[in-house]
Amino acid sequence: MDKMVIQSGHQLNGQVKVSGAKNSALKLMFASLLADGKHTFHNVPELADVESARNLLASLGCNSEFQKNTLVINSKTNSQKADYDLVRKMRASILCLGPLLSKTGDAVVSLPGGCAIGTRPIDLHLEGMKAMGAEIELKEGYVHAHAKKLKGCSFLFEKVTVGGTENMMMAATLAEGTTILENAAKEPEISDLANYLIKMGAKISGHGTSVIKIEGVNQLKPAEHTVCPDRIEAGTLLIAGAITGGEVTATHIDSSYLEAFIAKLREAGFTVDTEKNSITVRKLKSWKAVDITTAPHPLFPTDLQAQFMALMTLAHGTSVISETVFENRFMHVTELMRLGADITPKTHVAVVRGIPDKGLTGAPVMATDLRASASLVLAGLVAKGETTVNRIYHLDRGYEKMEDKLSSLGAKIGRV
Ligand code: UD1
């Protein structure tokens, strides 16, 4: 199993290109189930999760070719069953439910099961499909969904859900009549998916707001699209600059994707400059503790909570970090404590007392999920001596060439 070994004491400086967003690419890939033919996506990151999605699509009859970040999917659905072995590798696989059901009238998708960052149920996905007229049955670990033709409906999400919004939006494109989704998620990846569906011939408006309207059409056609930038990767790279006291510019990123995050960096004392397609965090030797509360977009993203906590371990003062999106997303806390961080975790809140004078000390630590791994790598950049991050496969699920990117900025980081 690969480990990441990081030697501290190197300031990170320079420019780094942000990759395409994993959380958009995966959904775009599943959207290809809605129309037979050749779908072309550019700026697709090379990630383990993309490979998992390719394998799942291949099992449904949609083969693909992937070269130099361009993915061509030849969609020709000939199976409606998403097998347990493929779904368990990646929770986002549940996103094939809406497209399969809408296009073919049937879908049998394995329940994704638990996950390191909480129970993460799919009840809202299923309620949404039922509201569109689908018959849903849970049998032997699988969701069996059937609908001769889905019907448009008004659906109010009881809780904001990114995946639920995307599944419903895709299902509604081929439904009969109009669907209105209220309390929909507003993440940039939702707009990216809506824009691709519109290129395919779907009639969608309101994406990027909490009310999305989809007028069903009879048929969609394949199209071509460039995946939007990965705001979480951009935020992680900017923290890598900030925590090492360096100056890093993340390029190919729209700063409007990260307003809440940038505001918190500024509140901590950092100068952050934004251009049309880049964000620069300027050098700063010491920074202040700030409180953060994660929430759906446009508020502070839960996917940057762990990385921001790493930054706060070395701030002047005490920071209160509240996690409101997932119930169990502090697994990085005990690992950061192994590096000497002073943190008191409670159920949904972690109190981080910064130790800028004492600093962190390198140690072997273990990655528990994707974003937790990133926070440990960031802490490793500044923890005196050597830090070894075990189970780094979590990082490979969601960060494209992370160690190459950090090395290009001056980090001493390697894989064993
Ligand atoms: C997506 C992102 C993930 C990010 C999360 C929140 C992908 C592949 N993953 O995950 O990186 O952390 O959004 O920004 O895009 N919930 C329910 N019932 C449901 C669905 C969700 O209770 O049917 C709950 C979840 O348990 C969680 C909250 O709603 O507490 C938000 O989850 P959701 O937005 O659905 O996250 P994902 O789409 O799984």
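Estimated from helices alone, the mean residue ellipticity of the chain at 222 nm is -9000 deg cm²/dmol (sum of -39500 (n - 2.57) over DSSP H runs with n ≥ 4, per residue).
Considering only DSSP beta bridges whose two residues both sit in region 22-226, what percent are antiparallel, to the nearest 5?
Within region 22-226, antiparallel bridges account for around 75 percent of the total.
Excluding ligands, DNA and RNA, the accessible surface per residue across the chain is 38 Å² with a 1.4 Å probe. In this simple spin-label model, placing a label point 7 Å from the Cα along the Cα-to-Cβ direction at both A58 and K412 gives a separation of 4.0 nm.
The coefficient of translational diffusion for region 22-226, derived via Stokes-Einstein from the alpha carbon Kirkwood radius under 25 °C and 0.890 mPa s, stands at 150 µm²/s. Reported to the nearest whole Å, the Cα centre-to-centre distance from region 159-180 to region 18-91 is 19. Each residue, Y393 and I180, gets one label point 7 Å from its Cα in the Cβ direction; the gap between the two is 4.7 nm.
Surface composition of the chain: carbon plus sulfur atoms contribute 49% of the solvent-accessible area (1.4 Å probe, protein chains only, all chains present). Counting DSSP beta bridges with both partners in region 141-222, what percentage is antiparallel, nearest 5? Roughly 60 percent of the DSSP beta bridges within region 141-222 come out antiparallel.
Counted over the chain, the DSSP beta bridges are approximately 70% antiparallel.
Placing +1 on each Lys and Arg Cβ and -1 on each Asp and Glu Cβ, with no other charges, gives the chain a dipole about its Cα centre of roughly 340 debye. Taken as Cα centroids, region 335-383 and region 261-304 sit 18 Å apart, rounded to the nearest whole angstrom. With 0.36 nm allotted per residue and the present C-alpha distance subtracted, the V351-K38 stretch has 107.6 nm of extension available. Listed by chain and number, the aspartates and glutamates whose alpha-carbon sits under 19 Å from that of K213, ignoring those within fewer than 8 places in the same chain, are E127, E158, E166, E176, E182, E187, E189, D192. Could you tell me which residue out of Q7, A58, G141 lies farthest along the dipole of the chain toward its positive end? Charges go on the beta carbon: Lys and Arg +1, Asp and Glu -1, centred on the Cα centre. Result: Q7, furthest along the dipole toward the positive end. In this view, the solvent-accessible surface of H348, computed with a 1.4 Å probe and all protein chains in place, comes to about 90 Å². With springs only between Cα atoms under 10 Å apart, run a GNM on the chain and tell me which of M29, M200, M168 wobbles the most. Ranking M29, M200, M168 by mean-square fluctuation puts M200 first.
When +1 charges are put on Lys and Arg Cβ atoms and -1 charges on Asp and Glu Cβ atoms, the dipole computed for region 315-416 relative to its Cα centre reaches about 100 debye. Axis of helix 22-31 versus longest Cα principal axis of the chain: the two differ by about 10°, to the nearest ten degrees. Each label point was placed 7 Å from the Cα along the Cα-to-Cβ direction; for S322 and T361 their separation is 3.5 nm.
The values are calculated or read from the model by the stated rules, or taken from the named source; none is laboratory data. Just so it is clear, the structure is predicted and the values come from calculations on it, not from any experiment. Note that each Cβ is placed from the backbone with ideal geometry, even for glycine, and that neighbours are counted across all protein chains shown. Remember, those area values only see protein heavy atoms, side chains included, never the ligands or the DNA or RNA. Shrake-Rupley method; radii C 1.70, N 1.55, O 1.52, S 1.80 Å.
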